[in-house]
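Undergrad: Dropping the structure in here first, questions after.
Nothing in this text is a laboratory measurement; each read-out follows from the coordinates by a stated rule. Quantities reported herein were computed from a predicted structural model and do not represent experimental measurements.
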Amino acid sequence: MAVTLITNIRQLAGVRNESRLLHGKELAQLPVIDNAYLLIEEGLIADYGPMTELQTSKLKPRVNIDATGQFILPAWCDSHTHLVYPASREAEFIDKINGLSYAEIAAKGGGILNSANKLAQASEGELFNSAWKRLKEITKMGTGAVEIKSGYGLTVEGELKMLRVIRKLKEKSDLSIKATFLGAHTYPVAYRDNHQAYIDLIINEMLPVIAKEKLADYIDVFCETGFFSPEETETIARAGMRYGLKPKLHVNQLNSIGGIEAGLKLNALSLDHLETLTEKDIKLLAMDGDTVATLLPTAAFFLRMPFQPARKLIDSGCAVALATDFNPGSSPSGNMNLVVAMSCIQMRMLPEEAINAATINGAYAMELQDKLGSITIGKKANIIFTKTIPSLAYLPYAFGTDLIDKVMIGGKMA
Ligand code: NIG
Ligand code: FE
């Protein structure tokens, strides 16, 4: 049996006997053990505790890792990405610098439609290879679980192609991966004047195949002015729910148009983005106990938008998670360390709140809370070893510095 014993850990963070979704004030509580050990057997966390309680005589033959001076925390759980995409879009980045807005770029055929045109030309193999590189890159940056959306296909073949690539990533990667069907990302040009026909295509042509081939875990809709209305969002999400796909929805990125109400009515697993929230939206989110409010600060940063009101959400009692939104248009970075730093620096989240939101609450937003997101006996050994740092708060403080020494995924060094 493969056994690894990690000793002399300066601080082991995120230790929990049992995990639950953290709301409001609970987010500030990050349980730690100073001068700790961590035992891993067959890729799972088998034991942990203070060094003073370690009884090595009882242990089986093992690999020893000395973590003197290092902090260990659960690997990041990135619950919202679009990391399967055909090409980068830095020309639009220049357009943005020159003053065009995200909506203006979309209106002139850029944005999601630009990616959809390129995706139609790309083979499954090409898409897989570029996504595989991105997975490797985010693993090195400490991500151990990731949700990936379709949504650059926008045709039956295109959406299935993307979802098959995600399935192949699931099969080949050691990361825990969840797939979300986002056929309702935008209306393709051919359906610009006939929205109902595209909704019918999603419901009658895409969803039945996706369900039959078990290609998705969740359904997503971009609920936004100029994209899908709350009513359309509800229709599409309910169609997915009939096949067992829970909704994880893009809402309130640019406008507050009723996405929160629609999402809560659908009992969405998570409502994501949330740059633009009214007081009423925040109240509604806080009243709901189960739906995770997933904030994507690097998307706000990249689009030069106001950051999500994390303080208000947490102080109202919401369950907040953090994710990268890794995609070529609004967040061309899958770096969760940067997301955590930005959340502390710009959204006034405490380091403990940000770490919890990026680990255990992120795991909840992918229904992986029984397997990941904390240092708990029986959970998968997905962990980050930091370099020698003075404290955990140093991680977001020294933003942009690579402070990860190594990453372990399922008990193996990545
Ligand atoms: O989450 N807002 C909708 N979708 C993505 C952006 C997609 C793109 O621009 O390619 C997002 O920001
Ligand atoms: Fe997104």
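Undergrad: Taking 2.2 N^0.38 Å as the expected size of a compact globular protein, what ratio does the Cα radius of gyration of region 36-104 give against it, to two decimals? Kindly include the intermediate steps, with their values, before the conclusion.
TA: On the way: Rg = 23.3 Å, N = 69, 2.2 N^0.38 = 11.0 Å.
Region 36-104 yields a ratio of 2.12.
Undergrad: Let me ask something additional. Dividing the Cα radius of gyration by the Kirkwood radius, what Rg/Rh value follows for region 265-414?
TA: Values: Rg = 15.5 Å, Rh = 16.0 Å.
Answer for region 265-414: 0.97.
Undergrad: Under DSSP H, which helices of the chain have Cα atoms covering 18 Å or more of the helix axis and a Kyte-Doolittle average no less than -1.0?
TA: Values: long enough: 124-140 (24 Å, -0.96); 156-172 (24 Å, -0.55).
Those that clear 18 Å and a mean of -1.0 are 124-140, 156-172.
Undergrad: A follow-up question, please. Compute the orientation-averaged projected area for region 270-313 from the convex hull of its Cα atoms and round it to one decimal in nm². Present the calculation step by step, with values, prior to reporting the outcome.
TA: Working: hull surface 11.4 nm².
Projected over every direction and averaged, the Cα hull of region 270-313 covers 2.9 nm².
Undergrad: Find the Cα radius of gyration of region 126-178, compare it with 2.2 N^0.38 Å by division, and give the number to two decimals.
TA: Details: Rg = 11.1 Å, N = 53, 2.2 N^0.38 = 9.9 Å.
Against the empirical 2.2 N^0.38 Å value, I get 1.12 for region 126-178.
Undergrad: Report the relative contact order of the chain, percent, no decimals, based on alpha-carbon pairs under 8 angstrom and at least 6 residues apart. Working shown, then result.
TA: Values: 944 pairs, mean separation 91.2, N = 414.
That works out to 22 percent.
Undergrad: Continuing with this model, one more query. Using only the alpha carbons of region 76-364, determine the length spanned along each of the three principal axes and report them from longest to shortest in whole angstroms.
TA: 44, 42, 40 Å, listed from the longest principal axis down.
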